[in-house]
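Reviewing the structure listed below.
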Amino acid sequence: MRLLLSADAAAASGGGMIMIMYIVIIVAFMYFVMIRPQKKEQKRVASMLADMSVGDCILTNSGFYGIVIDITDDTVIVEFGSNKNCRIPMQKSAIAQVEKAEAE
């Protein structure tokens, strides 16, 4: 009788290990599908904004193209269109894409 009880306890602890393995697999799956790509995209955007320089052509989140005139810590002054008087300060977080100025 005592041997039978210890066999049941061993089977129950084995079932607990399977449950822990399922949880570990689910957490690993969520990391590789959701968290890792998000961090990778954040690093790409941060490096894009860090490499931005004066004269680069940018695309804003609202769809406007412009040329960078001045850069500070968290703001950028952008010139839109061919009108030299249309210079607007904006946050760096509002920039979606940066195209480097080509050397002439």
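Data table
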{"item": "Members of the range 58-104 found to be among the charged types (D, E, K, R) and either assigned to a strand (DSSP E or B) or touching a residue at least 40 places away in the same chain (Cβ under 8 Å) (or both), listed by number", "result": "D70, E79, R87, K92, E99, K100"}
{"item": "Meets criteria (closer than 30 Å to Q91 by Cβ, part of a strand (DSSP E or B) and not polar (S, T, N, Q)) for G55", "result": "no"}
{"item": "Number of positions in the range 23-59 that are closer than 30 Å to D73 by Cβ and either within 12 Å of the chain's Cα centre (by Cα) or aliphatic (A, V, I, L, M) (or both)", "result": "20"}
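Per-residue answers, yes or no, for (1) modelled with pLDDT of 90 or more; (2) surrounded by 12 or more Cβ atoms within 10 Å (Cβ to Cβ); (3) closer than 21 Å to V45 by Cβ:
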| position | (1), (2), (3) |
| --- | --- |
| I67 | yes, yes, yes |
| I71 | yes, yes, yes |
| T75 | yes, yes, yes |
| G81 | no, no, no |
| K84 | no, no, no |
| R87 | yes, yes, no |
| K92 | yes, yes, yes |
| A96 | yes, yes, yes |
| E102 | no, no, no |
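The values are calculated or read from the model by the stated rules, or taken from the named source; none is laboratory data. Just so you know, these numbers come straight off a predicted model, no measurement behind them. Positions of Cβ are backbone-derived with ideal geometry, glycine not excepted, and every protein chain shown enters the neighbour counts.
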